[in-house]
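Colleague: Below is the structure I would like to discuss, written out as structure tokens.
The values are calculated or read from the model by the stated rules, or taken from the named source; none is laboratory data. Fair warning: this is a prediction, and the values are worked out from it, not measured in the lab. Note that each Cβ is placed from the backbone with ideal geometry, even for glycine, and that neighbours are counted across all protein chains shown.
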Amino acid sequence: MTRAEQIAANLARVRDRIAVAARTAGRPPEAIRLLAVSKKMPADDVRAAMAAGQRAFGENYAQELRDKAALLAADPTLPAPPEWHFIGPLQGNKVKYIAGKTALVHSVDSPALLDAIEARGAPQACLVQVNVAGEASKKGVAPADLPALLDRFAAAKNVRCQGLMLIPPRGDARPHFAALRALRDREATVARPNVDLRDLSMGMTDDLEVAIAEGATIVRVGTAIFGPRPHTSNT
């Protein structure tokens, strides 16, 4: 089996998992979007996934996304460029590679980062990353600080918030997924301009079924599609 055939087969298995999990949760499978996490993987892997029908891809590193996007945008064999999502920690000095150039930034975690994206002057959809568990090693706004950050989105001109994102601690992720959904449901009752909390980005290779049961609308899957990456954790 070629590398492209293996990626296509892996994608089919992941899509089947999503469909089964959605139906088990009483949800339509089309309500969940699959984001193929292509960080540290070559452009040929993205091409193979696109040939198998995948459109949306997630990257963790700003300059890697910039370079990969430029390479594939110039590829005449592709009917359309990929839909890029940025899912990793984003430093202010790297915002120029991302803002206005991605479909969705999943990892806004502070007023300073929101302001840096806003200052680029380009429309940009974002998610707020929430550190539900309060882990010191993880990025994300504290749940208590989420309303103030959403209020800041409401005052922005270029950025908008369309949901929340979570990277849970290792172990049982269900309570953290449930907590994020509860936060979303609470804040969705507050009318704010530029804020429409329709998306929950949560769930990866090992826990996508649990995330879907708890309301995920985007699952971020890398290892089950592309295999393990050197020196990175599973996604």
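Colleague: Picking from Ala70, Ala125, Ala112, Ala116, which residue would you name as being surrounded by fewer than 22 Cβ atoms within 10 Å (Cβ to Cβ) and within 27 Å of Ile32 (Cβ to Cβ)? Full working, then the answer.
Modeller: Details: Ala70 fails: within 27 Å of Ile32 (Cβ to Cβ); Ala112 fails: within 27 Å of Ile32 (Cβ to Cβ); Ala116 fails: within 27 Å of Ile32 (Cβ to Cβ).
The unique qualifying residue is Ala125.
Colleague: One residue is enough: does the stretch 108-115 have a residue meeting the conditions under 28 Å from Gly215 (Cα atoms), within 14 Å of the chain's Cα centre (by Cα) and modelled with pLDDT of 95 or more? Steps first, please.
Modeller: Filtering the stretch 108-115 for residues under 28 Å from Gly215 (Cα atoms) gives 108-111, 113-114.
Subsequent filtering for residues that are within 14 Å of the chain's Cα centre (by Cα) retains 108-109.
The next check asks that each one be modelled with pLDDT of 95 or more; those that pass are 108-109.
Scanning the stretch 108-115 turns up at least one residue that is under 28 Å from Gly215 (Cα atoms), within 14 Å of the chain's Cα centre (by Cα) and modelled with pLDDT of 95 or more.
Colleague: Only one residue in Arg23, Arg27 is among the basic types (Lys, Arg) and touching a residue at least 40 places away in the same chain (Cβ under 8 Å). Which one?
Modeller: Arg27
Colleague: Please verify whether Pro81 is at negative phi, without any contact (Cβ under 8 Å) to a residue 24 or more places away in the chain and not polar (S, T, N, Q), treating the condition exactly as stated. Don't jump to the end; show me each part of the working.
Modeller: Values: at negative phi: yes; without any contact (Cβ under 8 Å) to a residue 24 or more places away in the chain: yes; not polar (S, T, N, Q): yes.
Yes.
Colleague: While we're looking at this one, here's another question. Given the residues Val14, Val20, Val37, which is the only one that is out of contact with any helix residue (DSSP H, G or I) (no Cβ under 7 Å at 6 or more places or on another chain), within 21 Å of Met165 (Cβ to Cβ) and aliphatic (A, V, I, L, M)?
Modeller: Exactly one residue qualifies, and that residue is Val37.
Colleague: Could you please let me know if Arg198 is over 23 Å from Lys39 (Cβ atoms), within 18 Å of the chain's Cα centre (by Cα), exposed (fewer than 15 other Cβ atoms within 10 Å of the Cβ) and not polar (S, T, N, Q)? Explain how you work it out, then say what you get.
Modeller: Working: over 23 Å from Lys39 (Cβ atoms): yes; within 18 Å of the chain's Cα centre (by Cα): yes; exposed (fewer than 15 other Cβ atoms within 10 Å of the Cβ): yes; not polar (S, T, N, Q): yes.
Judged against the criteria, Arg198 is a match.
Colleague: Pairs, please: C-beta under 8 Å, at least 6 apart or cross-chain, first residue among the charged types (D, E, K, R) and in the stretch 155-183, second surrounded by fewer than 17 Cβ atoms within 10 Å (Cβ to Cβ) and modelled with pLDDT of 95 or more?
Modeller: Arg160/Pro123; Arg160/Asp196
Colleague: If you check every pair at least six apart or on different chains, which have Cβ atoms under 8 Å apart with a residue in the stretch 207-221 that is closer than 12 Å to Ile167 by Cα first and a residue that is at pLDDT below 95 second?
Modeller: Going by the 8 Å Cβ cut-off, the qualifying pairs are Asp207/Pro168; Asp207/Ala173; Ala211/Ala173; Arg220/Thr235.
Colleague: Does Asp67 satisfy the condition of being charged (D, E, K, R), over 26 Å from Ile212 (Cα atoms) and part of a loop (DSSP other than H, G, I, E, B)?
Modeller: no
Colleague: So which of Ala70, Ala21, Ala74 is farther than 19 Å from Gly227 by Cα and touching an Asp or Glu at 6+ places or on another chain (Cβ under 6 Å)?
Modeller: On the way: Ala70 fails: touching an Asp or Glu at 6+ places or on another chain (Cβ under 6 Å); Ala74 fails: touching an Asp or Glu at 6+ places or on another chain (Cβ under 6 Å).
Among Ala70, Ala21, Ala74, only Ala21 is farther than 19 Å from Gly227 by Cα and touching an Asp or Glu at 6+ places or on another chain (Cβ under 6 Å).
Colleague: Let me ask you something else. Would you confirm, using the coordinates I've provided, whether Pro228 is modelled with pLDDT under 95 and surrounded by fewer than 21 Cβ atoms within 10 Å (Cβ to Cβ)?
Modeller: Here the answer is yes, as Pro228 does meet what is asked.
Colleague: Filter the stretch 1-49 down to the residues that are within 18 Å of the chain's Cα centre (by Cα), assigned to a loop (DSSP other than H, G, I, E, B) and among the hydrophobic types (A, V, I, L, M, F, W, C) and list them by number.
Modeller: Ile32, Met41
Colleague: If a residue has to be within 20 Å of Ile167 (Cβ to Cβ) and part of a strand (DSSP E or B) to count, how many in the stretch 85-124 make the cut?
Modeller: 7
Colleague: Still on this structure, please answer the following. Select from the stretch 153-182 the residues that are at pLDDT 95 or above and out of contact with any strand residue (DSSP E or B) (no Cβ under 9 Å at 6 or more places or on another chain) and write down the one among them that is nearest to Ile87 (Cα to Cα).
Modeller: His176
Colleague: Under the condition of being β-branched (Val, Ile, Thr) and surrounded by fewer than 24 Cβ atoms within 10 Å (Cβ to Cβ), which residue from the stretch 206-217 is farthest from Phe177 (Cα to Cα)? Walk me through it before giving the result.
Modeller: Step one: filter the stretch 206-217 for residues β-branched (Val, Ile, Thr), giving 210, 212, 217.
Remaining after also requiring surrounded by fewer than 24 Cβ atoms within 10 Å (Cβ to Cβ): 210, 217.
Numbers: Val210: 8, Thr217: 12 Å.
So the residue we want is Thr217.
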